[in-house]
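Notes follow once the structure below has been shown.
Each reported figure results from applying straightforward, stated rules to the coordinates on display, with no laboratory input. Note that the structure is a prediction, hence the values are computed from the model and not measured. Here the Cβ positions follow ideal geometry from the backbone for every residue, glycine too, while neighbour counts run over all protein chains shown.
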Amino acid sequence: MRTLNIGILAHVDAGKTSLTERLLFDHGAVDRLGSVDAGDTRTDDGGIERRRGITIRSAVAAFTVGDTRVNLIDTPGHSDFVAEVERALEVLDGAVLLLSAVEGVQARTRVLMRALRRLRLPTLVFVNKIDRAGARTDGLLGDVRRLLTPHVAPLTEVTDAGTPRARVAVRAPDGRTAEALAEVDTEILAALVDGPEPTGQDVARALAARTADGSFHPLYHGSALGGQGVAELVEGLLGLVPATTPDTSGGTSGGTSDDTSGGTSGGTE
């Protein structure tokens with residue numbers, strides 16, 4: 001069994017703890033979804049955090065999928081606790097950077113992406129809250145490319161964004177993905193310039209390689225509260241983030257982990 005240490009990072013209130021709860025619930029690590037507003041989330045055990053509704057200390061919870069154990073590190077979103085986040089980054093195999101589809105790219109999001117890019121940490125972008133009124137998708141992608149990194153491509157697409165009917169569908173890597181990858185992958189660039197055109201397999205291989213070395217960022221859409229798009233995000237984590245930590249614990253699929261340290265999150269995350 002392999003182990004992935006995945007950090008969940010975001011500007012405060014983008015939905016980090018709600019995503020952590022959803023991942024744990026969907027994979028059988030908890031028997032019910034904790035509520036951030038109620039202060040009963042798995043990684044929410046600090047009185048101050050429950051009252052203030054923000055993450056102060058990083059907390060760890062785990063779930064298993066097949067032969068992979070995923071340790072989730074829910075990090076503080078508030079700028080006052082940047083040192084805690086920096087310590088967490090040192091032990092990660094990869095990260096999920098959350099954005100709100102309503103608020104978009106925020107100040108803390110930009111700080112976090114700069115740190116992730118500096119470390120060349122494999123990072124998937126997750127656009128949360130697609131079912132909230134005012135949610136944007138296409139316009140937000142432009143903001144991500146302009147304000148965070150140009151090296152990003154969506155692997156899902158949304159219908160009925162901004163409504164309770166919002167749904168997510170997989171978007172297979174295509175010519176647009178290849179064009180985005182060409183900026184960081186010389187083989188894809190050569191194929192586009194000189195031919196023959198890169199195949200779907202070529203694009204998929206380049207996507208995996210460039211995600212693994214932290215130079216490219218797949219983007220997913222979903223709703224942590226509603227559950228849309230979370231399965232696709234997990235598939236991306238398993239398929240695109242290389243594990244650097246061997247697991248000798250002999251854990252089993254669908255198991256429950258009690259390895260929660262520190263307190264985290266509340267409020268509207």
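Per residue of region 150-165, what does 6.51 cos²θ - 1.76 cosθ + 1.60 with θ = phi - 60° give for ³J(HN,Hα)? Whole Hz please, x for Gly and Pro, Karplus curve as stated.
So the J values, rounded to whole Hz, are x, 8, 8, 8, x, 10, 9, 9, 10, 10, 6, 4, x, 9, x, 8.
What Rg and what Dmax come out for region 127-183 when only alpha-carbon atoms are used, in angstroms?
12.3, 36
Residue by residue, what Karplus-based ³J(HN,Hα) values in Hz, rounded to whole numbers, does region 195-202 have, using 6.51, -1.76 and 1.60 with θ = phi - 60° and x for Gly and Pro?
3J(HN,Hα) across region 195-202, in whole Hz: x, x, 3, x, 7, x, 5, 4.
HN-Hα J couplings of region 177-182 from phi, Karplus 6.51/-1.76/1.60, θ = phi - 60°, integer Hz, Gly and Pro as x?
With coefficients 6.51, -1.76 and 1.60, one gets 5, 4, 5, 5, 5, 4 Hz.
Name the long-range amide H neighbours of Val105: under 5 Å, sequence gap of 5 or more, or other chain; modelled H, no Pro or chain starts.
none
Among 201-214, 166-179, how do they line up from the highest to the lowest mean number of other beta-carbon atoms within 10 Å?
Top of the packing list down: 201-214, 166-179.
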